[in-house]
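Peer 1: Just passing along the structure, written as structure tokens.
The values are calculated or read from the model by the stated rules, or taken from the named source; none is laboratory data. All values reported here derive from a predicted model rather than from experimental measurement. Reconstructed Cβ throughout: ideal geometry from the backbone, glycine too, with neighbour counts over all protein chains shown.
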Amino acid sequence: MLEEISQNGDCFGDAIVVPEGETSLVFGLRSRHLARILTSDRDSALSELHGKGHIREVCIKYTDEIDKAWLGFAHLMVLVTRRCNLACRYCYGTALPNGPSLPIATALKAVDWYFEPPPKRPSVGFHGGGEPTLEMDLIKAVFHRVKEHDARARHFGIITNGTLPESALDWFMANKFNINISWDGPPTIQNRNRPTVSGGPSAPILEETARRLREREYGFTARSTVCSNEDIIDVVDYFADQQVPRVKLEPLFPHGRCYSHIGFNNEPLLNPPSANELVDIMVRALDRAAQLGINLSSSSFEGDGLPMMHGSVFCGAASGRTLAVTHEGYLSACSEALEVSDSTASPFLFGICRPGISGIQLDQDKLSNLLKRHVNNIPECRKCFARLACGAGCAIKAVRSSGSLYGIEPQHCSYMRLLIPRLIRRSAKIRGV
């Protein structure tokens with residue numbers, strides 16, 4: 001069992017324990033079970049919850065030996081293109097209207113290598129530092145090559161800015177893709193944050209895309225970036241009006257490559273919310289979404305309004321479990337680490353995949369370093385009560401903030417320490433625990 005005490009809470013196995021006077025709230029991250037115990041009877045009560053399976057042991061074995069730790073790639077991420085038809089003010093990929101795209105031959109080579117040996121459950125996502133649906137021929141070629149390797153493969157996903165043509169949307173629906181649309185909310189926010197490259201509004205295009213999905217009764221997720229000083233109630237109400245079935249909220253981060261605090265076309269500044277402000281935003285959004293019957297989540301909490309279980313790492317990409325291939329033919333562990341000209345991308349570019357090069361060239365030292373980035377190897381995380389819900393946070397944002405792969409991003413750290421106890425207390429009150 002892992003156990004640590006802090007002013008906000010402590011942990012026992014995979015459970016977070018939040019003190020409330022003479023009692024404590026206990027939340028099992030994997031079981032999703034929430035209970036209240038007497039603080040004076042803490043040890044025996046926790047042991048009883050463990051015996052019932054509501055608390056589970058943390059069976060994570062860490063090793064610095066890559067040949068023992070390596071389990072193969074679980075997910076293939078195809079970073080399709082740097083080309084984009086929007087000019088988002090906070091773009092983390094520095095996309096351009098005429099940006100380069102991934103050659104199809106390179107993408108297919110990456111697919112073939114991903115299947116050596118074949119993954120138990122192939123999972124393929126299409127992303128980009130641009131708009132992937134501008135390269136539908138590449139997406140279809142990769143999809144069909146995956147099916148050649150495993151006809152039963154069915155876990156495909158697309159992250160799009162929502163401007164895709166009807167024919168492309170029909171194809172994704174026909175092939176049962178998980179569709180995520182980057183959509184910031186009401187037209188006043190969407191058009192300000194995510195205008196077209198010509199400066200025009202993008203909101204009407206996304207509303208039309210949502211209408212088509214509704215007509216087919218096809219589920220999708222709207223991924224909304226939260227800035228400071230925005231009315232989150234207006235955002236949630238708007239998505240309810242648009243009949244969006246699932247909403248995912250993520251904050252504007254202060255450590256993107258292209259993002260700055262500089263104003264744009266006399267528009268007000270875009271600022272990342274502080275940790276305290278972000279906690280209030282998320283809780284207010286959850287309350288409103290519950291009233292409207294919307295499934296709302298984030299990388300910090302599930303749709304049930306309780307903390308997410310990340311475990312030892314924040315995401316599979318930056319722990320060396322996702323194979324991402326960039327337009328330059330590099331193997332990357334992060335969708336924001338796209339090119340060698342970005343110094344902060346260096347720790348994440350661990351190989352080369354290009355036609356004409358025999359096989360795949362791997363930098364085993366970089367891959368090993370990625371595998372070592374887990375909560376037990378980061379001093380600030382090692383004894384934190386929130387570590388299994390946080391997973392040490394986004395790796396590339398930590399590098400941009402601290403300069404180290406084994407550092408942290410302070411905003412995210414403060415946010416999680418404040419958010420987790422509040423979410424647990426909020427859910428206990430709602431459920432009458």
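Peer 1: Which members of the range 204-248 meet the condition of being within 15 Å of LEU292 (Cα to Cα), of a type in the set (A, V, I, L, M) and either surrounded by 18 or more Cβ atoms within 10 Å (Cβ to Cβ) or in contact with a Phe, Trp or Tyr (Cβ under 8 Å, 6 or more places away or on another chain) (or both)?
Peer 2: Answer for the range 204-248, where residues must be within 15 Å of LEU292 (Cα to Cα), of a type in the set (A, V, I, L, M) and either surrounded by 18 or more Cβ atoms within 10 Å (Cβ to Cβ) or in contact with a Phe, Trp or Tyr (Cβ under 8 Å, 6 or more places away or on another chain) (or both): ILE232, VAL235, VAL236, VAL244, VAL247.
Peer 1: Which of the residues belonging to the range 11-35 are touching a strand residue (DSSP E or B) at 6+ places or on another chain (Cβ under 6 Å), modelled with pLDDT under 90 and either within 18 Å of ILE430 (Cα to Cα) or assigned to a loop (DSSP other than H, G, I, E, B) (or both)?
Peer 2: None - no residue of the range 11-35 is touching a strand residue (DSSP E or B) at 6+ places or on another chain (Cβ under 6 Å), modelled with pLDDT under 90 and either within 18 Å of ILE430 (Cα to Cα) or assigned to a loop (DSSP other than H, G, I, E, B) (or both), so the list stays empty.
Peer 1: I'd like to know if the range 46-54 contains one or more residues that are under 31 Å from the mean Cα position of the chain (by Cα) and closer than 22 Å to SER300 by Cα. Before the answer, list the steps.
Peer 2: At the first step, the residues of the range 46-54 found to be under 31 Å from the mean Cα position of the chain (by Cα) are 49-50, 53-54.
Within this subset, residues satisfying the condition of being closer than 22 Å to SER300 by Cα are 54.
Within the range 46-54, one or more residues are under 31 Å from the mean Cα position of the chain (by Cα) and closer than 22 Å to SER300 by Cα.
Peer 1: Within the range 127-182, which residues are surrounded by fewer than 21 Cβ atoms within 10 Å (Cβ to Cβ), among the acidic types (Asp, Glu) and part of a helix (DSSP H, G or I)?
Peer 2: Result: ASP137, GLU148, GLU166, ASP170.
Peer 1: Please verify whether SER343 is free of Cβ contacts under 8 Å to residues at least 60 places away in the same chain and either over 24 Å from LEU34 (Cβ atoms) or within 19 Å of the chain's Cα centre (by Cα) (or both), treating the condition exactly as stated.
Peer 2: Values: free of Cβ contacts under 8 Å to residues at least 60 places away in the same chain: yes; either over 24 Å from LEU34 (Cβ atoms) or within 19 Å of the chain's Cα centre (by Cα) (or both): yes.
It is true that SER343 is free of Cβ contacts under 8 Å to residues at least 60 places away in the same chain and either over 24 Å from LEU34 (Cβ atoms) or within 19 Å of the chain's Cα centre (by Cα) (or both).
Peer 1: Check PRO100 against each of (1) crowded, with 16+ Cβ neighbours inside 10 Å; (2) closer than 20 Å to CYS334 by Cβ and name the one condition it does not meet.
Peer 2: Answer for PRO100: the failing condition is (1).
Peer 1: Counting only residues that are touching a Gly at 6+ places or on another chain (Cβ under 9 Å) and not aromatic (Phe, Trp, Tyr), which one in the range 121-130 is modelled with the lowest pLDDT? Steps first, please.
Peer 2: To start, the set of residues in the range 121-130 that are touching a Gly at 6+ places or on another chain (Cβ under 9 Å) comprises 123-130.
Subset that is not aromatic (Phe, Trp, Tyr): 123-125, 127-130.
On the way: SER123: 93, VAL124: 96, GLY125: 95, HIS127: 91, GLY128: 81, GLY129: 76, GLY130: 89.
Selected residue: GLY129.
Peer 1: Let me ask you something else. Say we look at the range 183-201 and pick out the residues that are of a type in the set (Gly, Ala, Ser) and more than 14 Å from GLN242 (Cβ to Cβ); which of these is modelled with the highest pLDDT?
Peer 2: The selected residue is GLY200.
Peer 1: In this structure, is GLU208 at positive phi, more than 22 Å from the chain's Cα centre (by Cα), at pLDDT 95 or above and of a type in the set (D, E, K, R)?
Peer 2: Answer is no for this residue.
Peer 1: Looking only at the range 378-407, count how many residues are under 18 Å from the mean Cα position of the chain (by Cα) and either of a type in the set (D, E, K, R) or crowded, with 24+ Cβ neighbours inside 10 Å (or both).
Peer 2: The number of residues fulfilling the criteria is 14.
Peer 1: Continuing with the same structure: Quick one: how many residues across the range 354-397 are part of a helix (DSSP H, G or I) and over 29 Å from ALA107 (Cβ atoms)?
Peer 2: Qualifying residue count, the range 354-397: 11.
Peer 1: Consider only pairs whose beta carbons are under 8 Å apart and that are at least six residues apart or on different chains; among these, list those whose first residue lies in the range 90-108 and is farther than 21 Å from LEU323 by Cα and whose second residue is of a type in the set (Ser, Thr, Tyr) and at pLDDT 85 or above.
Peer 2: Taking only residues 6 or more apart or on different chains, the pairs are TYR90/THR225; GLY99/THR81.
Peer 1: Here are some conditions: (1) among the hydrophobic types (A, V, I, L, M, F, W, C); (2) without any contact (Cβ under 8 Å) to a residue 40 or more places away in the chain; (3) under 21 Å from VAL58 (Cβ atoms); (4) out of contact with any helix residue (DSSP H, G or I) (no Cβ under 8 Å at 6 or more places or on another chain). ILE408 meets all but one. Which one does it not meet?
Peer 2: Going through the list (1) among the hydrophobic types (A, V, I, L, M, F, W, C); (2) without any contact (Cβ under 8 Å) to a residue 40 or more places away in the chain; (3) under 21 Å from VAL58 (Cβ atoms); (4) out of contact with any helix residue (DSSP H, G or I) (no Cβ under 8 Å at 6 or more places or on another chain), ILE408 breaks only (4).
Peer 1: If we keep just the residues of the range 328-356 that are in contact with a Leu (Cβ under 6 Å, 6 or more places away or on another chain) and more than 14 Å from LEU79 (Cα to Cα), which is surrounded by the most Cβ atoms within 10 Å (Cβ to Cβ)?
Peer 2: Looking at the filtered set, the residue picked out is PHE350.
Peer 1: What residue, among those in the range 73-90 that are in contact with a Lys or Arg (Cβ under 8 Å, 6 or more places away or on another chain) and under 30 Å from GLY311 (Cβ atoms), is modelled with the lowest pLDDT?
Peer 2: PHE73
Peer 1: Here's something else I'd like to know. Test each condition in (1) touching a residue at least 60 places away in the same chain (Cβ under 8 Å); (2) buried (at least 18 other Cβ atoms within 10 Å of the Cβ) for GLY199 and report the one that comes out false.
Peer 2: Among (1) touching a residue at least 60 places away in the same chain (Cβ under 8 Å); (2) buried (at least 18 other Cβ atoms within 10 Å of the Cβ), the lone unmet condition for GLY199 is (2).
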